[in-house]
Amino acid sequence: MKNGWKCWIPALVLCVARAAQASNEPHIGFAYPAGAQQGTSFEMLIGGQYFKGATNVFVSGEGVSVEILQFSVRYEPRRINNLFNNYENTRASLEEAKEKGDAEQIKKLQQRFDRAEEQLRVADAPPGIDRFDRKAMRKYYSFDKKEQFNPQLQDRLRVRVSVAENAPPGERELRVYTPAGLSNPFCFQVGTLQEECEIEPNDDHMKPDLQTIPVPAVINGQVRPGDMDHFRFRARKGDSIVVDVNARRIIPYLADAVPGWFQAVVTLYDEDGNEVAYQDDYKFNPDPVLFFDVPKTGAYTLSIRDAIYRGREDFIYRIAIGELPFITSIFPLGARKGERVDIALTGRNLPKSRLTGKLPDDGSELRHISVRKEGYRSNQMPFAIGELPEIFEAEPNSAPAEAEPVERPVLINGRIQQQGDRDLYSFQGEAGDSVSVEVIARRLNSPLDSVISLSGPGLVRPGRNDDYVIKDKSHLYLGAGLVTHHADSYLTQKLPESGTYYVEIADAQGNGGHDYGYRLRISQASPDFSLYMEPSGLHIGPGGTAVFTVRTIRKDGFREQITLSADELPEGFVMSRAEIAPGSDLARFTITAPKKMTGKPVSPRITGTAMINGKAVSRPALPVDDQMQAFLYRHLVPARELVLAPVEKRPPVLFHAKVPKSGIIELVAGRETRIGFEGTIVGKQRGYSVKLDHPPEGFSTAKNGWIGKKRIKTKKKDGRDEWHKTDAWGTIMIKVDDSIEPGTELSLVVSAEVKRGQEKIYYPAPAIPVKVVEEKK
């Protein structure tokens, strides 16, 4: 790390997930240091935007508390000079006005001087530097010429984090709260190993007094432009050293950098400076994992840098190093719920080679398994839980004559054993059957880049699929989270004739090996859906409303309506009516808080229910945040939970649409319809503009609506109009294109725009249920 805030005490790990933000909602860009051991207390620096007025930092789970110590702003170097000029010039003018006794000018200049003084008072500076010492501040703000100022990281929060000795190890989520909103979540991990922070200068791997790290340990650091960080450690002959780097796992996506994350590279040197090991990734994961069997007892040096020598404050890393347990692969990759399992483990320094037990009869579709050795828990491996009958691949099955016969529906656990291997399965099909074939491998940490084909009677060309990618027109990738290469395959096919059909699976690059496991589903078309809900967190005031978007991935031809509902919603909270219309992929809904509520965060669970083959099927909505990668691509990154953070202050405007007794407002296709509002406004402001918030295609407004205080019939003594103290009403005109099919039902969201200086804050009303109807003749 260069020219940055130094860490001298142990720390914690954070993985950022960025949410789409309103103009002034807080956003975390980085947090350093990135790791903490149980039973430690330390200072952390959080960088981002819109932290002014921050009052709380929320951490999920038990045993972790955070105290805000200081807010500051890291100004652009040129601006710090301008601020000093403004401060000194204003002070001189103020002193001159005082000498002249000009009261009006003194008042004006005093206000200006107070603002200039406050801007310098909150300027970011290391301990011991006087913020009003121009020479010292200019020196501190003399950035490395290779490092560009990033306004997305200019706001700073210095906080103290305390981790209890009995705090459960594992991942949490950390968020910053300000009166304007709740920040994006950070994946927050409490660990068991000793933590170290890098000490600069450490660019030379042959430096005699290079920082020595006791192993096992976790190293925290930052890579700045052109930076290379080095650490020395001792190892004995025969040790099996694991170097596990967390870089992209700390900040999954960067919106303003290519390829969209910090691409770490690690190298090991011996005592003579010779390179003995190198790694720049791990399978398909950009974060490297290096395995090193120590040939000779002595001192070794670990180096980390960016692959193309970039660097900035949010290039944060966390390295676990030592004889640590690490799982490289498991088999099978999943099992049927309620069944006994025998999972083979492969890896380094593992305390056991198998895990056995019985799966529960219900629960989630995905679990994570790991092992513990000497108090340290290994990396986690995903393990799928299925509902279909399962079998294991039986070799040989590399040719049609050797194809393994299966009966649908079935889920096959197999491996592409070696380079050039392919596995074939046969089944009996009837003309008119709809068949669905799906591979689940890359999503379960298998390096397999699958390609599948379906051949048989009546198929002139075999059905084939390599990568099944789900994205919309805006380059938003759905359902893949941190996986950028969507390597799993999927196809559906209506069978033209009765007879024997063959499914073939192979690796698209011709690769194979022990780690190349897969789960292959062959079944009749099974309509289903999955749900993703964003954002994963919002703040909500007494009587206030929070807006969410739910997206669905429809599978195997499923087109029915999905009805959304909330579980574990506290008393007094109300969720609006919410359905994803037949054939639609998106819906918006709101949750409204009671006018009196406690200060405890709320974490409801949203569920979608639909009728599939005459049976009600429910699926959870996974909380996600929309993150941008490399200026263009967007991903829905999973969060651990949905969070509604309560605030004490009541919103300045509370309003709702006037809905008839039928419970739905009718909008005439091809025409404008007036929707009325009623509510309350607190404060001197007479009213606010009302906007249609992210309307679906085909719904629009020619101009904004309005919500304002009611005018009282009687006038003031001076003849001017008199307005009600709080009661308000308003309207908005909404037009529906004639292309929208009559009978369409959905929810619309409108928000009141409140301006505070140059900032805009939007306060939504509860979602409005509407139905499109034909114009009456």
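Results, tabulated for the structure shown:
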quantity: Evaluation of S751 against (1) of a type in the set (S, T, N, Q); (2) touching a residue at least 60 places away in the same chain (Cβ under 8 Å); (3) outside any strand (DSSP E or B) (one fails), failing number; calculated: (3)
quantity: Flag if S364 is under 29 Å from the mean Cα position of the chain (by Cα), buried (at least 18 other Cβ atoms within 10 Å of the Cβ), farther than 23 Å from V215 by Cα and of a type outside the set (A, V, I, L, M, F, W, C); calculated: no
quantity: Subset of the range 165-191 [out of contact with any Leu (no Cβ under 9 Å at 6 or more places or on another chain) and open to solvent by 40 Å² or more (accessible area, probe 1.4 Å)]; calculated: E165, N166, P168, P169, E171, P179
quantity: Yes/no for F558 being among the aromatic types (F, W, Y), under 30 Å from S453 (Cβ atoms) and out of contact with any Cys (no Cβ under 8 Å at 6 or more places or on another chain); calculated: yes
quantity: Hits in the range 459-469 (condition: exposed (fewer than 15 other Cβ atoms within 10 Å of the Cβ) and either at pLDDT below 85 or under 23 Å from the mean Cα position of the chain (by Cα) (or both)); calculated: V469
quantity: Tabulated pairs, the range 70-85, first more than 25 Å from I46 (Cβ to Cβ), second outside any helix (DSSP H, G or I) and open to solvent by less than 10 Å² (accessible area, probe 1.4 Å), C-beta under 8 angstrom, 6+ apart or interchain; calculated: none
quantity: Filtered residues of the range 249-274 (kept if touching a Leu at 6+ places or on another chain (Cβ under 7 Å) and outside any loop (DSSP other than H, G, I, E, B)); calculated: V266, L268
quantity: Strands (runs of 3 or more DSSP E) lying entirely in the range 611-672 (those with 2 or more residues that are touching a strand residue (DSSP E or B) at 6+ places or on another chain (Cβ under 9 Å) and open to solvent by 40 Å² or more (accessible area, probe 1.4 Å)); calculated: 615-629, 633-638
quantity: Residue under evaluation G47, criteria (1) within 24 Å of R112 (Cβ to Cβ); (2) surrounded by 15 or more Cβ atoms within 10 Å (Cβ to Cβ), criterion not met; calculated: (1)
quantity: The range 12-38 - residue that is part of a strand (DSSP E or B) and modelled with pLDDT under 90 and, of those, most open to solvent (accessible area, probe 1.4 Å); calculated: C15
quantity: Test: residue in the range 425-436 that is closer than 28 Å to E365 by Cα, part of a strand (DSSP E or B), in contact (Cβ under 8 Å) with a residue 60 or more places away in the chain and of a type outside the set (S, T, Y); calculated: yes
quantity: Matching entry among D567, D515 (being in contact with a strand residue (DSSP E or B) (Cβ under 6 Å, 6 or more places away or on another chain), modelled with pLDDT of 95 or more and open to solvent by 30 Å² or more (accessible area, probe 1.4 Å)); calculated: D515
quantity: Where a residue in the range 254-265 is charged (D, E, K, R) and its partner, wherever it lies, is not in a loop (DSSP other than H, G, I, E, B), with Cβ under 8 Å and at least six apart; calculated: D256/Q152
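The values are calculated or read from the model by the stated rules, or taken from the named source; none is laboratory data. None of the values given here were measured: they were computed from a predicted structure. No Cβ is skipped: glycine too gets one built from the backbone with ideal geometry, and neighbour counts run over all protein chains shown. Surface areas here come from the heavy atoms of the whole protein model, side chains and all, with no ligands, DNA or RNA. Shrake-Rupley method; radii C 1.70, N 1.55, O 1.52, S 1.80 Å.
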